[in-house]
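Reviewing the structure listed below.
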Amino acid sequence: MRVQMNEQQLLTAFDDALKFGHIYAVFQPKMNHTTGRMIGAEALMRWADPQNGMQYPSDFIPVLEKNDLVYRADLGVFEQTCKFQKKCLDEKVNTVPISVNMSRYDIYQKNYIEEIEKIRKKYDVPVKYIHIEVTETSAVGGMELLKSVLDELHSLGYTVEMDDFGSGYSSLNVLKDLEVDMIKLDMRFLSGNIGGRGGTIISSVVHMAKWLNTPVIAEGVETVEQADYMKSIGCRYIQGYLYSKPLNPEDFRKKLEILEHEPVAPPMDLISTMNARKFWDPDSIETLIFNNFVGGAAIFTYQNDKLEVIRVNKKYVNEICANMSEHEILAADPWAGIDDENRKIYEDALKKASETGEEVKCEIWRNVNSKTCGTDRICVRSFIRMIGRTEIQQLFYAMVQNITVEKQRYDEIYNSERRFRFASEQINVYAWEYTISTKEMRPCFRCMRDLHLPPLLENYPEPAFEMGIFPPDYADMYRDWHKQLEQGVEYLEAIIPLTADRIPFHVRYTLEKDENGRPLKAYGSAALVVDDIK
Ligand code: C2E
Ligand code: CA
Ligand code: CA
């Protein structure tokens, strides 16, 4: 028979309960859902009263807290955990780190950490076998205090887990200020709607945690759906009834012997110059730079052909997807609107960026949909750099430019040039284009073929003399023509003996000006002088 004890009964029974082991620890496994291996466990307090049966933490812990007794109970759990680990080590049972809860009342207890160190040393348990869970509500008592506790625990070598993340106070702001080694996300705080807002919160926490290089474990996981969802957003660590209820020490020891174990892996190996913690801080210089000074930029992960955009700045939105919100961009499939050919170009660039560690440039065409303008085809130039990697995933930073207009103009010029080159092939003349500002000359196909000219001659007309196409005694005159073109003379013509054979040609230039009347281009032609025209 189980009877819930009232406050007075609990307080009266407390000393004996501690002394005789009515208050004891049970252990709940923490698992890697992708490998099925155990990564650790959590010690949870139980109170089995000889008369009233099992008492649960939610009932008695608030009473202990209120009466300033919880630290004694916590030290009891800590001691039993050390005892358990010591026994495993002595008997060569391959054990995992077990985390012990530290209440926020323990934090106010000045010598609490001293006490746990005494116990750990008494049992001679290496610090790597004990982790500490602190709750984010501890921050309520002041960040400074919590920070100093974390520093002290770290300096002693403890791994610290942030418990109940997302339960209220902390959110993302606490994370960036506190150096925790693992984040525990409680699924029960986000009950039910994984696909909705809850899901968005979870996935943004997981993303951010990845960025802070901090592993995340989901606790309170009861169903395969929940576990699979967490896996799909990149959180593979799970604690909950799905795998196991908290077990008494004997049963937990059996689990240790049956299940394989593995250590927790850091989520991301960030390139050292990046400071992810600062990067996520909305007030940091890094964020300021990302948002204001770098042009359009995006950060995304790449894993098994899957791209996932995790952060974009405002300029990215303006540049690429002016009609989408930042949130819509993060939610959309980044491959949407990119055909196979362009996708291949992009994937090759990612591969190269990952292999070389250098910045890689690539240009692809993609369709973007907007409610207002329908589908648009745009050309995007990206400069891609890999900034982090794990065994299975890479993290990239891309600066983007929408170069659609530039590209279209280039295509126009390219096409008109092609037309021009083909046209001169049809009529019996040599033709070329001369660009005034750059002194570049582009010959027609016939020139290229008959006179072995390259597609582009620089510093024209000098190469014409060097190559012997123009005779030296005409050089000064021909140079003078180009000066005249520069000054805006619209038409020039003369008969000039050309090529090595000095055949007389009728050479003409016509000038094209821009809308302001400035010389732009000159079109040159050379036609054989035929006798009957003379
Ligand atoms: P907590 O630290 O968040 O512990 C996780 C709680 O979730 C445990 O409840 C665990 O039994 C329960 N749980 C685990 N998997 C599932 C699941 O799949 N579904 C559901 N519904 N629950 C699951 P428990 O043992 O009742 O502990 C409740 C709370 O009491 C703990 O929450 C912790 O805040 C506190 N507590 C437990 N043991 C200790 C302790 O040794 N010291 C201190 N200071 N607090 C403790
Ligand atoms: Ca806990
Ligand atoms: Ca928890």
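Any read-out appearing in this document is the output of simple, stated calculations on the displayed coordinates, not a laboratory observation. If you're wondering where the values come from, they're calculated on a predicted model, not measured in any experiment. Methodologically, a virtual Cβ is constructed for each residue, glycine included, from the backbone with ideal geometry; neighbour enumeration extends over all protein chains shown.
Some observations on this one:
- For the range 67-129, the list of GluC sites (Glu not before Pro) that fall in a loop by DSSP and count at most 15 other C-beta atoms within 10 angstrom reads E91.
- Counting neighbouring Cβ atoms within 10 Å and putting the fewest first, the residues F396, F20 line up as F20, F396.
- Residues F383, F27 in ascending order of nearby Cβ atoms (within 10 Å, fewest first): F383, F27.
- Contact order for the chain, expressed relative to its length and based on alpha carbon pairs under 8 Å spaced 6+ residues apart, stands at 8 percent.
- When you count the other C-beta atoms within 10 angstrom of each residue and take the mean per peptide, 226-233, 56-63, 409-416 line up highest first as 226-233, 56-63, 409-416.
- Amide H to amide H distances under 5 Å link N101 with A43, E133, where only residues 5 or more positions off or on other chains count and H is placed in the peptide plane.
- Think of the chain as having a plus end and a minus end, set by charges on the Cβ of Lys, Arg, Asp and Glu; of M1, V63, Y430, M1 sits farthest toward the positive end of this dipole.
- Rg and Dmax [Cα atoms of the range 7-256; Å; Rg one decimal, Dmax integer]: 17.8, 51
- GluC sites (Glu not before Pro) lying in DSSP loop within the range 309-378, provided at most 12 other Cβ fall within 10 Å: E358
- The range 294-407 - Rg over Rh from alpha carbon coordinates, Kirkwood radius: 0.94
- Taken over the alpha carbons of the range 29-164 as equal point scatterers, the Debye sum produces base-10 log I(q)/I(0) values at 0.14, 0.15, 0.16 Å⁻¹ of -0.69, -0.79, -0.89.
- The value obtained for the range 417-528, namely the Cα convex hull volume divided by the number of residues, is 95 Å³ per residue.
- Label-point separation, V405 to N367 (7 Å along Cα→Cβ), nm: 2.5 nm
- Across the range 43-57, coupling constants 3J(HN,Hα) worked out from phi with the 6.51/-1.76/1.60 Karplus curve, θ = phi - 60°, read 8, 10, 7, 10, 9, 9, 7, x, 8, 9, x, 5, 10, 9, x Hz, and Gly and Pro carry x.
- Distance between the C-alpha centres of the range 473-534 and the range 66-141: 93 Å, rounded to the whole angstrom.
- Net length gained if the chain between Y523 and R502 were fully extended (0.36 nm per residue, minus Cα distance): 5.4 nm
- Of all DSSP beta bridges in the chain, antiparallel share, percent nearest 5: 75 percent
- The range 4-19 residues near the modelled K83 label - backbone nitrogen below 15 Å, point 7 Å along Cα→Cβ: 16-19
- Diffusion of the range 360-468 by Stokes-Einstein, at 10 °C in a medium of 1.306 mPa s and with Rh set to the Kirkwood radius over alpha-carbon pairs, works out to 89 µm²/s.
- Taking only Cα atoms of the chain, radius of gyration then Dmax in Å: 37.1, 130
- Where labels lie 7 Å past Cα in the beta-carbon direction, separation of W335 and A494 in nm: 6.4 nm
- Only the Cβ atoms of Lys and Arg (+1) and of Asp and Glu (-1) were treated as charged; on that basis the dipole of the range 417-528 about its Cα centre amounts to roughly 320 debye.
- Between K306 and V3, the simple label model (points 7 Å from Cα in the Cβ direction) yields a spacing of 5.4 nm.
- Net dipole in debye of the chain [+1 Lys, Arg Cβ; -1 Asp, Glu Cβ; about Cα centre; nearest 20]: 580 debye
- For the set K314/K352; K19/K184; K306/K344; K86/K122, the pairs lying more than 20 angstrom apart at their alpha carbons are K314/K352; K19/K184.
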